[in-house]
Amino acid sequence: MIAPRPAAGTRLFVLTGAGISAESGLGTFRDPGGLWRRFDPMRLATPEAFARDPEEVHAFYNLRRAGVKAAAANPAHAALARLQAGLAAAGGGLFLCTQNVDDLHERAGAGAVVHMHGELMRARCLACGAGTPWETDLGTDTPCPACGARGGMRPDVVWFGEVPLHLDAIEAALAAADLFVAIGTSGSVYPAAGFVARARADGIPTHEINLAPSDTAGAFDTACYGPASRTVPAFAE
Ligand code: BV8
């Protein structure tokens with residue numbers, strides 16, 4: 001059963017995960033062949049890993065950053081961007097919260113995108129805290145453009161054990177939503193995976209759009225399964 005198309009004036013909370021970028025050629029994390037199936041996230045996606053072997057962590061993220069630059073947004077990203085603009089023009093809105101660190105939502109024309117796990121196309125200096133857009137390789141000898149310190153530049157993503165970003169804004173948007181929609185996420189990483197339970201507890205209808213039922217499929221009122229490049233435009237338009 002699929003959710004009715006969002007009516008004008010609807011306030012949507014949309015949570016996206018790696019599945020929405022899968023057809024852009026960016027691997028997911030937990031599907032067969034996925035990143036966390038091939039690499040140990042505890043060795044590459046924690047602050048301790050970066051402290052232990054910054055070059056190995058930089059190499060991992062440099063490879064992924066190059067992959068994102070070579071990728072293109074797909075019809076799912078584009079449909080969400082159009083829906084976001086349409087709902088805003090009709091007095092509603094679409095709060096686009098993504099677990100993804102790629103910039104494909106933005107490149108598809110989305111307005112405000114809330115990257116709760118940070119952004120691969122940004123770097124942050126551990127010495128002065130300055131963040132900056134970053135499209136090339138990072139290394140232990142990369143100087144900070146703001147303070148000049150070397151060895152302190154890291155990918156501006158949220159690693160395991162670090163606090164996700166924009167949680168206050170996310171909480172507020174979740175509480176005010178008329179409909180909660182999760183797209184392309186396995187529902188296995190917290191606190192994002194807990195958002196659907198929060199929506200249900202607040203009596204907000206919940207809808208899952210995914211290739212297959214996720215770990216939290218039972219928490220959704222309605223669902224539509226299939227590739228995002230087909231299922232998201234079908235929902236949005
Ligand atoms: C925190 C950035 C405290 C880096 C990422 C034990 C129990 C519960 C929780 C924990 C626990 N032990 C530790 C924790 C906490 C931990 C956690 O949840 N661990 C999990 C593994 C159990 N969480 C944290 O550490 C977080 N921080 O908790 O801090 C705190 C919290 C709140 C307030 C104060 C303090 C930080 C988590 C962030 C980690 N960083 N990313 C990077 O990218 O390298 S998370 C990582 O998983 C990924 O990056 C991704 O963003 C995220 C979620 O994955 P998905 O997007 O869902 O991708 P996945 O591959 O899993 O699924 C893809 C889905 O797409 C599938 O369902 C598939 O069917 C579908 N699909 C595939 N193809 C398509 C498709 N769908 C449609 N169309 C297709 N074509």
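The single condition among (1) within 12 Å of the ligand (Cβ to nearest atom); (2) touching a strand residue (DSSP E or B) at 6+ places or on another chain (Cβ under 6 Å); (3) not basic (Lys, Arg) that GLY187 does not satisfy is (2).
Among the residues that make up the stretch 2-10, is at least one of them touching a residue at least 40 places away in the same chain (Cβ under 8 Å) and more than 22 Å from GLY203 (Cα to Cα)? No: zero hits.
Rundown of residues vs (1) touching a strand residue (DSSP E or B) at 6+ places or on another chain (Cβ under 7 Å); (2) in contact (Cβ under 8 Å) with a residue 12 or more places away in the chain; (3) aliphatic (A, V, I, L, M), yes/no style:
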position	(1), (2), (3)
SER21	no, yes, no
GLY33	no, no, no
ALA45	no, yes, yes
ALA51	no, no, yes
GLY67	no, yes, no
GLY93	yes, yes, no
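Since ALA110 meets every condition but one in (1) of a type outside the set (Ser, Thr, Tyr); (2) under 19 Å from LEU80 (Cβ atoms); (3) outside any loop (DSSP other than H, G, I, E, B), which condition does it not meet? Just one mismatch for ALA110, condition (3).
There is no residue in the stretch 169-176 that is surrounded by fewer than 20 Cβ atoms within 10 Å (Cβ to Cβ) and within 8 Å of the ligand (Cβ to nearest atom). Here is the figure for the stretch 202-212: residues that are closer than 16 Å to LEU179 by Cβ and either surrounded by fewer than 19 Cβ atoms within 10 Å (Cβ to Cβ) or outside the structural domain of LEU12 (by TED's automatic domain parsing) (or both) total 3.
Candidates HIS77, HIS58: the one that is in a helix (DSSP H, G or I) and assigned by TED's automatic domain parsing to the domain that holds ALA108 is HIS77.
Within the stretch 213-225, the set of residues being surrounded by fewer than 17 Cβ atoms within 10 Å (Cβ to Cβ), assigned to a loop (DSSP other than H, G, I, E, B) and more than 19 Å from the chain's Cα centre (by Cα) comprises ASP221 only.
When the residues of the stretch 129-144 are filtered to those that are loosely packed, with under 13 Cβ neighbours inside 10 Å and not polar (S, T, N, Q), the one that is farthest from the ligand (Cβ to nearest atom) is ASP141. Scanning the stretch 152-173 for residues that are closer than 17 Å to PRO133 by Cα and touching a residue at least 60 places away in the same chain (Cβ under 8 Å) returns ARG154, PRO155, VAL157. Here are VAL196, VAL157, VAL163, VAL181: which of them is closer than 20 Å to PRO47 by Cα, of a type in the set (Val, Ile, Thr) and either surrounded by 13 or more Cβ atoms within 10 Å (Cβ to Cβ) or more than 10 Å from the ligand (Cβ to nearest atom) (or both)? Step by step, each of VAL196, VAL157, VAL163, VAL181 is checked, and only VAL157 is closer than 20 Å to PRO47 by Cα, of a type in the set (Val, Ile, Thr) and either surrounded by 13 or more Cβ atoms within 10 Å (Cβ to Cβ) or more than 10 Å from the ligand (Cβ to nearest atom) (or both).
From the list LEU96, LEU104, LEU87, the lone residue that is surrounded by fewer than 22 Cβ atoms within 10 Å (Cβ to Cβ) and more than 16 Å from ASP156 (Cα to Cα) is LEU87. Within the stretch 53-65, being acidic (Asp, Glu) and without any contact (Cβ under 8 Å) to a residue 24 or more places away in the chain holds for ASP53, GLU56.
The values are calculated or read from the model by the stated rules, or taken from the named source; none is laboratory data. These numbers were taken from a predicted model, which means no experiment stands behind them. Cβ coordinates were reconstructed from backbone atoms using ideal geometry, including for glycine residues, and neighbour counts include every protein chain displayed.
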